[in-house]
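K.L.:
Submitted below is the structure of interest, expressed as structure tokens.
The values are calculated or read from the model by the stated rules, or taken from the named source; none is laboratory data. Being a predicted model, the structure only gives us computed values, none of them experimental. For neighbour counting, all protein chains shown are included, and Cβ atoms are generated from backbone atoms with ideal geometry for every residue, glycine included.
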Amino acid sequence: MMENLEIADAIDNNTTDSAYDEYCKKVLSNKQVLAHILKTCVREYADVPLKEIPSYIEHDLMLNVSMEDSEVIKGRNVEDQSVFGAEIRYDILFDAKLPHSSKEERIGLFINIEAQNHRQTAYPLITRAIYYCSRLLARQKNHEGGFGKSNFQQLKKVYSIWIVMNATKEMEGVMNFYTIEEKCLGVKYHLKKESYDKLEIIMLYPKSYYELEDEPHSLMEMLYILFKAKLTSEIKKYQLK
């Protein structure tokens, strides 16, 4: 990964705590980092070779980049004003094309990634993640990339992936997935999964320490190196090579 100059530059310049949030957003705007996250967390890409995943990621993340082969994506407008008086701002928001979809179907998923650096909040983060997914679904009506009138069959699936940096000890290493499932309580009748499989939430809590070996790292180890490890920039780049 360290042939990726954008990541190397971000690691080299991450020198102050005050710039940590900006560092997180810069790293999580990188296609190679996103590819690792999507490979593990987004089941639509589970069987896609890692090196091919960046080609499915939309070139649209709030950074001033126009080259299609850029290491960094630009993404979608992170300011959500779809509910009057209830504006929210996403950390990272982009769209992605589904594998095996037609050339005309440019957008298949909307993906939100949040980097959470605060140990305690007044509410469960999963509850906030559910709200974010609800907003991402609702804002698709009469919106660019969404659907018009009552064409709800065009509703795109949304993902909200949360990376919690300062988890409590008992939560370190947790990777929890939350989704919509069908449960038949009466006569068995199954709807097409694509009709209700419209949101998924992933909560990631990297550990405070991993034994790093000279081999391909798991997603959680990669997140530890990028965001939590007290290592020099040179060692981080070596581990991510």
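K.L.:
Yes or no: the range 213-228 includes at least one residue that is farther than 19 Å from ASN30 by Cα and either in contact (Cβ under 8 Å) with a residue 12 or more places away in the chain or under 16 Å from the mean Cα position of the chain (by Cα) (or both). Step through it out loud before you land on a result.
P.N.:
Taking the range 213-228 as the starting set, the residues that turn out to be farther than 19 Å from ASN30 by Cα are 213-215.
After this cut, where a residue has to be either in contact (Cβ under 8 Å) with a residue 12 or more places away in the chain or under 16 Å from the mean Cα position of the chain (by Cα) (or both) as well, the list is none.
Checking the range 213-228: not a single residue is farther than 19 Å from ASN30 by Cα and either in contact (Cβ under 8 Å) with a residue 12 or more places away in the chain or under 16 Å from the mean Cα position of the chain (by Cα) (or both).
K.L.:
Looking at the range 110-149 only, could you name the residues that are more than 25 Å from TYR23 (Cα to Cα) and in contact with an Asp or Glu (Cβ under 8 Å, 6 or more places away or on another chain)?
P.N.:
Listed by number, the residues that qualify are ARG135, ARG139, GLY145.
K.L.:
Any chance you could count how many residues in the range 169-198 are surrounded by 11 or more Cβ atoms within 10 Å (Cβ to Cβ) and either assigned to a helix (DSSP H, G or I) or among the small types (Gly, Ala, Ser) (or both)?
P.N.:
Adding up the residues that qualify gives 4.
K.L.:
Which one is farthest from ILE57 (Cα to Cα), of the residues in the range 77-120 that are of a type in the set (Lys, Arg) and modelled with pLDDT of 90 or more? Quick ask: steps written out before the conclusion?
P.N.:
Keep residues of the range 77-120 that are of a type in the set (Lys, Arg), which gives 89, 97, 103, 106, 119.
Narrowing further to those that are modelled with pLDDT of 90 or more: 89, 97.
Details: ARG89: 21, LYS97: 6 Å.
In this case the residue turns out to be ARG89.
K.L.:
Is it the case, given these coordinates, that ASN166 is of a type in the set (S, T, N, Q), at pLDDT 85 or above, under 19 Å from the mean Cα position of the chain (by Cα) and in a loop (DSSP other than H, G, I, E, B)? Steps first, please.
P.N.:
Values: of a type in the set (S, T, N, Q): yes; at pLDDT 85 or above: yes; under 19 Å from the mean Cα position of the chain (by Cα): yes; in a loop (DSSP other than H, G, I, E, B): yes.
Spelling it out, ASN166 is indeed of a type in the set (S, T, N, Q), at pLDDT 85 or above, under 19 Å from the mean Cα position of the chain (by Cα) and in a loop (DSSP other than H, G, I, E, B).
K.L.:
Looking only at the range 105-137, filter to residues that are among the aromatic types (Phe, Trp, Tyr) and not in a strand (DSSP E or B); which one of those is farthest from the chain's Cα centre (by Cα)? So that I can check it myself, show each step before the final result.
P.N.:
Of all residues in the range 105-137, those among the aromatic types (Phe, Trp, Tyr) come to 110, 123, 131-132.
If we keep only those that are not in a strand (DSSP E or B) as well, we get 123, 131-132.
Details: TYR123: 21, TYR131: 16, TYR132: 13 Å.
Among those residues, the one meeting the criterion is TYR123.
K.L.:
Could you list, in sequence order, all residues of the range 204-241 that are among the hydrophobic types (A, V, I, L, M, F, W, C) and in a helix (DSSP H, G or I)? Talk me through it step by step, then tell me what you get.
P.N.:
Pass one, the range 204-241, residues among the hydrophobic types (A, V, I, L, M, F, W, C): 204, 212, 219-220, 222-223, 225-227, 229, 231, 235, 240.
Those that are among the hydrophobic types (A, V, I, L, M, F, W, C) and in a helix (DSSP H, G or I): LEU219, MET220, MET222, LEU223, ILE225, LEU226, PHE227, ILE235.
K.L.:
A further question on this structure: Could you list, in sequence order, all residues of the range 135-163 that are within 20 Å of GLY85 (Cβ to Cβ) and free of Cβ contacts under 8 Å to residues at least 12 places away in the same chain?
P.N.:
Answer for the range 135-163, where residues must be within 20 Å of GLY85 (Cβ to Cβ) and free of Cβ contacts under 8 Å to residues at least 12 places away in the same chain: LYS141, ASN142.
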